[in-house]
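Here's the structure, in structure tokens; my notes come after.
The values are calculated or read from the model by the stated rules, or taken from the named source; none is laboratory data. Just so you know, these numbers come straight off a predicted model, no measurement behind them. In this analysis, Cβ positions are derived from the backbone assuming ideal geometry, glycine residues included, and neighbour counts consider all displayed protein chains.
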């Protein structure tokens, strides 16, 4: 038997609950949609991002049913910044979702995937004029963020010799702190109304929609109700004062997933609203306050649709005993791949049951940085080198915010509904990193 140096750790019996003691419990997950996690890492390498098409479609249909069963015209616009891998975007587009982008890069990606300009919402505070003109020419829906953009669009309208349909983005107090006030025009102080008046008097743009995105990982359905009420009241006033026909309101995204936000100690099953609860708050507000024809309802849902369909497989490389007695496990995935680890306590699963009692442990990534911590306080049994851990849910923002820092970025796999894994992004090598570099002759 392998010798393990004995240690003494303080046992906190307050950790025990009606579900048992964390000294004995182990969370096991040896497959994703029927595909063994060990086999996945052996085939595609470790670390490895894995996405479940079945779970994507189930979640999408759950949200679609929640809203479309309550409101006549609902459209989903997939938020590219949440996860813009081609295969992931295509799954959502095949389900009927259109594209919402916040940069010319994302716009080009959507066009590359065959999405027509008319099916793209172009959002964001930074839209270079050249990119803005292309989007206008191709019929994209332009959501104006600031006064300068009004000027740019009027110049483009003059160049093209035609009026341009536009939407303005709004911000407001919805009762949630801190309010997202950086983007768009404020409704509460009259700025949004002034922007509409400016558009009306310029006679080069036609206002066709109102948009707001009140935050991320929003746990309050009341905030969405307040947002919708303010957008609808503004719509009513605009139509009455200026004669614009507001075809749609876009309530943005920000719906929470079943992730565990740090600093909140109730489980997601308790505090995260259901799709029905989000839908009820938004649609009831429209019905109660709208005057005239009902507008279309646009949703830019990202996180809630993809987060729980994403997994990160990582392998134990080594372990050591820290000075405070805590066990540290070094794995091959770090904060370079899990940027969101700074905000969420992910679920951690083991590939099988391991002998021995759980003890206070820490999971560290491979980076030569002290902050490279996936979980700083987790109860784990003695783990072997080669143990595969499954980290979940990680489908939102990690693949778009991952860093090429110290380590190459890994492969990504999509498991189809028949439990077949497909490589949708190859792991990087040196050629990917140096391809754009130029070495001056005098240094050769």
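Here are the numbers:
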item	result
Matching residues, region 60-72, being within 24 Å of the chain's Cα centre (by Cα) and either within 19 Å of residue 281 (Cβ to Cβ) or in the same structural domain as residue 402 (by TED's automatic domain parsing) (or both)	62, 63, 64, 65, 66, 67, 68
Search result, residues across region 299-323 that are over 15 Å from the mean Cα position of the chain (by Cα), surrounded by fewer than 24 Cβ atoms within 10 Å (Cβ to Cβ) and outside any loop (DSSP other than H, G, I, E, B)	315, 316, 317, 318, 319, 320, 321
Elements of type strands (runs of 3 or more DSSP E) in region 381-444, at least 2 residues being crowded, with 21+ Cβ neighbours inside 10 Å, in contact with a strand residue (DSSP E or B) (Cβ under 9 Å, 6 or more places away or on another chain) and assigned by TED's automatic domain parsing to the domain that holds residue 32	388-392, 411-415
Single unsatisfied condition, residue 142 versus (1) surrounded by fewer than 16 Cβ atoms within 10 Å (Cβ to Cβ); (2) in contact with a strand residue (DSSP E or B) (Cβ under 6 Å, 6 or more places away or on another chain)	(1)
Helices (runs of 4 or more DSSP H) fully within region 50-145 counting 3 or more residues that are in contact with a helix residue (DSSP H, G or I) (Cβ under 7 Å, 6 or more places away or on another chain), under 17 Å from residue 167 (Cα atoms) and modelled with pLDDT of 95 or more	129-137
Residue list for region 268-281, restricted to those being in a helix (DSSP H, G or I), surrounded by fewer than 22 Cβ atoms within 10 Å (Cβ to Cβ) and in contact (Cβ under 8 Å) with a residue 24 or more places away in the chain	271, 275, 276, 277, 280, 281
Some residue of region 254-264 being at pLDDT 95 or above, closer than 28 Å to residue 135 by Cα and not in a loop (DSSP other than H, G, I, E, B)	yes
Cross-chain or 6+ apart pairs with Cβ under 7 Å, region 36-51 first and closer than 12 Å to residue 427 by Cα, then assigned to a helix (DSSP H, G or I)	48/40; 48/41; 49/399
Among (1) under 30 Å from the mean Cα position of the chain (by Cα); (2) modelled with pLDDT of 95 or more; (3) surrounded by fewer than 18 Cβ atoms within 10 Å (Cβ to Cβ) - the single one residue 184 does not satisfy	(3)
Candidates 263, 292, 253, 334 - the one that is crowded, with 22+ Cβ neighbours inside 10 Å and assigned by TED's automatic domain parsing to the domain that holds residue 171	253
Residues satisfying the stated conditions in region 330-361, i.e. more than 14 Å from residue 391 (Cα to Cα) and assigned to a strand (DSSP E or B)	330, 359, 360, 361
Residue 286, sole failed condition from (1) surrounded by 17 or more Cβ atoms within 10 Å (Cβ to Cβ); (2) closer than 30 Å to residue 386 by Cα	(2)
